[in-house]
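Right, one structure below, let's go through it.
The values are calculated or read from the model by the stated rules, or taken from the named source; none is laboratory data. Owing to the predicted nature of the structure, the values given are computational and were not obtained by experimental measurement. Ideal geometry is used to build each Cβ from the backbone, glycine not excepted, and the neighbour counts take in all protein chains shown. Heavy atoms of the whole protein, side chains included, go into the accessibility calculation; ligands, DNA and RNA do not. Shrake-Rupley method; radii C 1.70, N 1.55, O 1.52, S 1.80 Å.
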Amino acid sequence: MDDFALYGDIYGTLLVDSTTRLPLTLWEGRDAERLGRWLREHPGVGVACRDGSLAYR
């Protein structure tokens, strides 16, 4: 997963399959609550790699 600036103070989050390198989902914002909800909805995820952002710690 990675977060990035769309413009100004507007951020986005991108989740990518580390095996296929294909995007899984993209959403506006960067917060742990939304990521947690997505992970609970996808229980097959075995490993999560993130960038250094403190938003997902």
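For the full complex of protein chains and a 1.4 angstrom probe, list ASP3, ASP17, ASP9 by accessible area with the highest value first.
The most accessible residue leads, giving ASP9, ASP17, ASP3.
Under 8 Å for C-alpha pairs, at least 6 residues apart: give me the relative contact order for the chain, rounded to a whole percent.
Working: 66 pairs, mean separation 17.8, N = 57.
Relative contact order here is 31 percent.
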Shape box of the chain [Cα atoms, principal axes, largest first, Å]:
34, 23, 18
Residue-span extension gain [GLU33 to ARG50] - 0.36 nm each, minus C-alpha spacing
4.6 nm
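Write down the accessible area per residue of the chain in Å², having rolled a 1.4 Å probe over the full set of protein chains. Don't skip to the end; give the middle numbers.
Details: 4330 Å² over 57 residues.
I get 76 Å² per residue for this part.
Where the only charges are on Cβ atoms (+1 Lys, Arg; -1 Asp, Glu), what is the dipole of the chain about its Cα centre, to the nearest 20 debye?
Details: 7 positive and 9 negative charges, 40 e Å.
Computed about the Cα centre, the dipole is about 200 debye.
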